[in-house]
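The values are calculated or read from the model by the stated rules, or taken from the named source; none is laboratory data. Owing to the predicted nature of the structure, the values given are computational and were not obtained by experimental measurement. Cβ atoms come from the backbone with ideal geometry, glycine included; neighbour counts cover every protein chain shown. Accessible surface is based on the protein model in full, side chains and every heavy atom, while ligands, DNA and RNA are left aside. Shrake-Rupley method; radii C 1.70, N 1.55, O 1.52, S 1.80 Å.
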Amino acid sequence: MSDHKNSRCENCIIRQMNSFKALKKEELKQMSDNKETKSIKKGEAIFREGERLNGVFCVREGVSKLSKMSDNGRDQIVKLASKGEVLGQRSVIASETTNLSAIALEDMEVCFIPKIHIEESLEKNPVFTNAVLKHMSKELKFADDFIVNMAQKSVRQRLAEVLLYLHDHFGEEEEGFLYLQLSRADIASVVGTATELLIRTLTKFKKEGVISTSGKKIKLIDKKALFRIAEGL
């Protein structure tokens, strides 16, 4: 992980995508004067589960996986965080250790903003406090939906959903394969199943003509069919 100074928070387009858009100019200037821009290589941790953070990380470029280790030692990916996301906000505000690990899935650039500036803005700026509360409410709703999905949908449905999500949120590369190339183990972790079952389900999707693969790469051939599978139709 390397550090370097970069653009100003007040000029940053990324802040329009998160609760930082509620900050005043002077608050943004203070954050900008005290932030560090960090380059993180693919596979490196931004933070690990159980760490105590001294600030939050705002994602400028790249994608990370947020995961939690289960009691049986299996990594469960609960979210993929990309450009504009703020990582570590909950644990910083609650003064608790992190509940999740954040690992870079590709080379990333993040801005580290010290805790003190977040706390000062929460105390003095009710608009920012309200924006943070709304963000946390959305995160709770996402977590509720995630739990229901895991309990009520089949692996086949969940995999179809994940493939469509990867397509809709991260797009395709030039040859039409999904831009974000996850390992089979990581896809299994997002779906919430064993890697072996994930691979068998992908093979069935290929036989049905809804996807094609080339090594690790996956191409969605029939998105309408995947949508029907995801809906259990």
Practice item. State all residues of region 25-66 that are among the polar types (S, T, N, Q) and either open to solvent by 10 Å² or more (accessible area, probe 1.4 Å) or over 28 Å from Leu180 (Cα atoms) (or both); if no residue qualifies, say none. Key: Gln30, Ser32, Asn34, Ser39, Asn54
**Study point:** Any pair with Cβ under 7 angstrom, 6 or more apart, that starts in region 201-217 at a residue that is within 19 Å of Arg228 (Cβ to Cβ) and ends at one that is among the charged types (D, E, K, R) and assigned to a strand (DSSP E or B)
**Key:** Ile211/Lys219; Ser212/Lys219
Point to revise | Selection within region 122-134 - open to solvent by less than 50 Å² (accessible area, probe 1.4 Å), within 10 Å of Ala22 (Cβ to Cβ) and either assigned to a helix (DSSP H, G or I) or in contact with a Cys (Cβ under 7 Å, 6 or more places away or on another chain) (or both) | key: Phe128, Thr129, Ala131, Val132
Check your understanding: Any chance region 92-106 includes a residue that's among the hydrophobic types (A, V, I, L, M, F, W, C), outside any strand (DSSP E or B) and modelled with pLDDT of 90 or more?
Key -> yes
Revision key, fill the gap. Screening Thr98, Thr129 for residues that are within 26 Å of His169 (Cβ to Cβ) and not assigned by the TED database to the domain that holds Ser189 leaves only Thr98
**Study point:** Lone unmet requirement of (1) open to solvent by less than 30 Å² (accessible area, probe 1.4 Å); (2) touching a strand residue (DSSP E or B) at 6+ places or on another chain (Cβ under 9 Å); (3) not in a loop (DSSP other than H, G, I, E, B) for Gly84
**Key:** (3)
Check your understanding: Of these, Asn130, Asn125, Asn72, which one is more than 21 Å from the chain's Cα centre (by Cα) and closer than 23 Å to Arg184 by Cβ?
Key -> Asn72
**Study point:** Qualifying residue in region 156-165 (condition: more than 27 Å from Gly62 (Cα to Cα) and touching a Gly at 6+ places or on another chain (Cβ under 8 Å))
**Key:** yes
Exercise for review: Looking for whichever is open to solvent by 30 Å² or more (accessible area, probe 1.4 Å), touching a residue at least 40 places away in the same chain (Cβ under 8 Å) and under 21 Å from the mean Cα position of the chain (by Cα) here; the options are Met108, Met150. Which one fits?
Suggested key: Met150
Practice item. Write out, first by first residue and then by second, each pair whose Cβ atoms fall under 8 Å of each other, whose residues are 6+ apart or on separate chains, and whose first residue, in region 121-139, is closer than 24 Å to Leu66 by Cα and of a type outside the set (A, V, I, L, M) while the second is in a helix (DSSP H, G or I) and open to solvent by 50 Å² or more (accessible area, probe 1.4 Å). Key: Glu139/Arg90
